[in-house]
Amino acid sequence: CSLLPAGRREIKLFSHAFSGTLSIKDLPREVVKIDFSGNQLDGTLDLDALPRTLEMLELAENTFSGEISLTNLPPRLNVLGLELNHLSGTLDLTRLPQTLESLRLSRNKFEGETDFSKLPASLWELYVIANEELTGEFRTEDETLEYYFDHTKVRFVCGRDTGFIT
């Protein structure tokens, strides 16, 4: 049973100290924007069950945990904010929506080798700060992309410059 009203296109309940779990499968199917950031929500996130109409998902600054899948996100999603949670596991960034503009995964516990070579051309903001066991190679010559990899083990390649971002 969902306490959220059916037919809502935007749900903004940020910074209200709400606690409990979020059942993604119970979200209204026609919702376009969700902002539950800055609460005390916990549990796991089944992002494969997101409504296909979703364009913005802000779940930052909660206590969600566990692994997430980014391979079957809604096709029109352009903002995904999951920073400042307790999410973990490896990241598959090879099948992100081609509409994605902002991806914020900072300050979680992601780890392992990550393929950054297939990021969508629409992406202009990528934050993965403080995922200290995250590795991989990030290569770009795109000067419009704003990216932060501080406190990771990601190898950075830009033109002829190579180095680790720490």
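Only the coordinates and a few stated rules stand behind these numbers; no lab work does. Not measured: the values here are computed from a predicted model. Cβ atoms come from the backbone with ideal geometry, glycine included; neighbour counts cover every protein chain shown.
Going by average Cβ density within 10 Å per residue, which order do the peptides 26-37, 11-22 take, highest to lowest?
Working: 26-37: 17.4, 11-22: 12.9.
Ranking, from highest mean packing down: 26-37, 11-22.
Across the chain, how many lysine pairs, 8 or more positions apart or on different chains, have C-alpha atoms separated by under 29 Å? Please give the number.
Going through the chain pair by pair, I get 11.
Per-residue counts of other Cβ atoms within 10 Å, averaged by peptide: what ranking do you get for 131-139, 77-85, highest first? Write down the numbers at each step before the final one.
On the way: 131-139: 17.4, 77-85: 22.3.
Listed from highest to lowest mean packing, they are 77-85, 131-139.
Would you mind calculating the gained length between Asp48 and Ile11 on full extension (0.36 nm times residue separation, minus the Cα-Cα distance), in nm to one decimal? Numbers along the way, then the final one.
On the way: separation 37, 0.36 × 37 = 13.32 nm, distance 1.90 nm.
Additional length available on full extension: 11.4 nm.
For segment 1-92, what class follows from the C-alpha gyration tensor (a ≥ b ≥ c being the square roots of its eigenvalues): rounded when a/c is under 1.5, otherwise prolate if a/b is larger than b/c, else oblate? Mind showing how you got there, number by number?
Values: a/c = 1.57, a/b = 1.10, b/c = 1.43.
Note, shape of segment 1-92 comes out oblate.
Relative to the compact-globule scaling 2.2 N^0.38 Å, provide the ratio for the alpha-carbon radius of gyration of segment 1-156. Working shown, then result.
Values: Rg = 15.2 Å, N = 156, 2.2 N^0.38 = 15.0 Å.
So the Cα radius of gyration is 1.01 times the expected 2.2 N^0.38 Å.
Expected output is a single nm value to one decimal: the length gained when fully extending between Gln98 and Arg155, i.e. 0.36 nm times separation in residues minus the C-alpha distance. What is it? Don't skip to the answer; put the middle values down first.
On the way: separation 57, 0.36 × 57 = 20.52 nm, distance 2.41 nm.
Extending this stretch completely gives an extra 18.1 nm.
Please give the contour-minus-distance gain from Ser88 to Glu125: 0.36 nm per residue of separation, less the Cα-Cα distance, rounded to one decimal in nm. Write out the running numbers ahead of the final one.
Values: separation 37, 0.36 × 37 = 13.32 nm, distance 2.08 nm.
11.2 nm is the gain from fully extending Ser88 to Glu125.
Label-point separation (nm) for Val32 and Glu143, each offset 7 Å from Cα along Cα-to-Cβ?
According to this spin-label approximation, the distance is 3.5 nm.
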